[in-house]
Amino acid sequence: MADVLKLHFDVDGDDFTSAGEASADVKKRLRLMGYDPEIIRRVSIAMYEGEINMVIHAGGGVADVSVYPDKIEIVLEDKGPGIPDIALAMSEGFSTAPDTVRSLGFGAGMGLPNMKRYTDELHIDSKVGEGTKVTMIVNT
Amino acid sequence: MTVTEIITALDLEVIHLADGEREIDGVYTGDLLSWVMGKLSYGNAWITIMNNVNVIAVATLADASCIILTERSEIGDDVIAKAEACGVNILRTAKSSYEICCMLGKILNA
């Protein structure tokens, strides 16, 4: 299966205001490629949640998006503290975000649940003290 | 009903109008951004008091038809610039989120 498009983004860990630029760029490209608006919405939201998580918890990271003929794959990797209990982190409403982040409207404990809700597959590989790799797939 | 039509009907202040002809397809209200992203549907008018720059990213990615800032929530130049860059309709009112929900409910369901 040949790749149609591969995109790479560095996600800045210090900047909440620029978080979402990578997702917005992906959204724009998918729209130009003629994808269904709901597919675009699902990819954009899942990726934005991932970007925000890397900014809040990991001091940034990298995002790679691959557009295949039948699916869109988003891989987010960081060298943050890792997730000690993935099942707990997946529960709606569970959050370890600090108050400063909550005051911006984040930290509702909906990041990972939203990533699961809007994708067909979600895989999380995390090692405490080493980092986290999140792979999401949206079938097209 | 379009964004321009609700501006007139609800007497909303226009902060930035990118596409007045955009159809309003339902309404969502909420201030927690991830919660909103999980629940807001395509084309919804989004009613909120949240006024930071991330609101624009959420409206863009979740594809809200417009943001209606309530309680005359203060909005910075950086947020307006982002709305312009992203093509997001952003409106404002002194009324509460509850009042605007009731008014929109009436006119959209009429």
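Every number in this text was worked out from the coordinates using simple rules, so none of it is lab data. If you're wondering where the values come from, they're calculated on a predicted model, not measured in any experiment. No Cβ is skipped: glycine too gets one built from the backbone with ideal geometry, and neighbour counts run over all protein chains shown.
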Query raised in the report: Size of the dipole of segment A:5-139 about the Cα centre, Lys and Arg at +1 and Asp and Glu at -1 on the beta carbon, nothing else charged, in debye to 20?
Result: 340
Query raised in the report: How large is Rg/Rh for the protein assembly as shown, to two decimals, with Cα atoms and a Kirkwood Rh?
Result: 0.98
Report task. Work from the charge dipole of segment A:5-139 (Cβ charges, +1 for Lys and Arg, -1 for Asp and Glu, about the Cα centre) and give the residue of A:Ser126, A:Ile39, A:Ala19 farthest towards its positive end. Result -> A:Ile39
Query raised in the report: For the protein assembly as shown, with only Lys/Arg (+1) and Asp/Glu (-1) charged at the beta-carbon, what is the dipole magnitude about the Cα centre, in debye rounded to 20?
Result: 420
Query raised in the report: For the pair A:Lys79 and B:Glu84, how long in nm is the line joining their label points, each one 7 Å along Cα→Cβ?
Result: 3.9
Report task. Using +1 at the Cβ of each Lys and Arg and -1 at the Cβ of each Asp and Glu in the protein assembly as shown, identify which of A:Asn53, B:Ala18, A:Met110 lies farthest towards the dipole's positive end. Result -> A:Met110
Query raised in the report: Could you give the length gained on full extension between A:Glu38 and A:Glu121, defined as 0.36 nm per residue of separation minus the Cα-Cα distance, in nm?
Result: 28.2 nm
Report summary line: Listed by chain and number, the lysines with an alpha carbon less than 29 angstrom from that of A:Lys28, same-chain partners under 8 positions apart left out, are A:Lys6, A:Lys71, A:Lys79, A:Lys116, A:Lys133, B:Lys39, B:Lys82
Query raised in the report: Which helices pass in chain B if a helix is a full DSSP H run, must span at least 15 angstrom along its long axis by Cα, and must have mean Kyte-Doolittle hydropathy not below -1.0?
Result: B:97-108
Query raised in the report: Taking the simple approach of a point 7 Å from Cα along Cα-to-Cβ for both A:Asp64 and B:Asp25, what is their distance in nm?
Result: 3.4
Query - Unit charges on C-beta of K, R, D, E only; dipole of chain B, Debye - result: 260
Query raised in the report: Going by alpha carbons, how many degrees (0 to 90, nearest 10) lie between the helix axis of A:37-58 and the longest principal axis of chain A?
Result: 30
**Report entry** chymotrypsin sites (Phe, Trp or Tyr not before Pro) lying in DSSP loop within segment B:26-101, provided at most 14 other Cβ fall within 10 Å
**Finding:** B:Tyr42
Requested in this report: Compute the signed sum of charges (Lys and Arg +1, Asp and Glu -1) over the other residues within less than 9 Å, Cβ to Cβ, of B:Asn89.
Outcome: 0
Requested in this report: Give me a single rounded figure for A:42-48: the average over its residues of other chain Cβ atoms within 10 Å of their Cβ.
Outcome: 4
**Report entry** Protection-proxy order for peptides B:50-58, A:28-36, B:15-23, each taking the mean of Cβ atoms within 10 Å per residue, highest first
**Finding:** B:50-58, B:15-23, A:28-36
Query raised in the report: Using the beta-carbon distance between A:Lys6 and B:Tyr42 and R0 = 22 Å, what value does 1/(1 + (r/R0)^6) give for FRET efficiency, to the nearest 0.05?
Result: 0.20
**Report entry** Share of Cα-Cα pairs in segment B:3-108 lying beyond 16 Å, as whole percent
**Finding:** 49
Query raised in the report: Which three semi-axes in whole Å describe the equivalent ellipsoid of segment A:5-139, each the square root of 5 times a Cα gyration tensor eigenvalue, listed largest first?
Result: 23, 15, 14
Query raised in the report: In a shell of Cβ-Cβ distance under 11 Å around A:Thr17, excluding A:Thr17 itself, what net charge do Lys and Arg (+1) and Asp and Glu (-1) give?
Result: -4
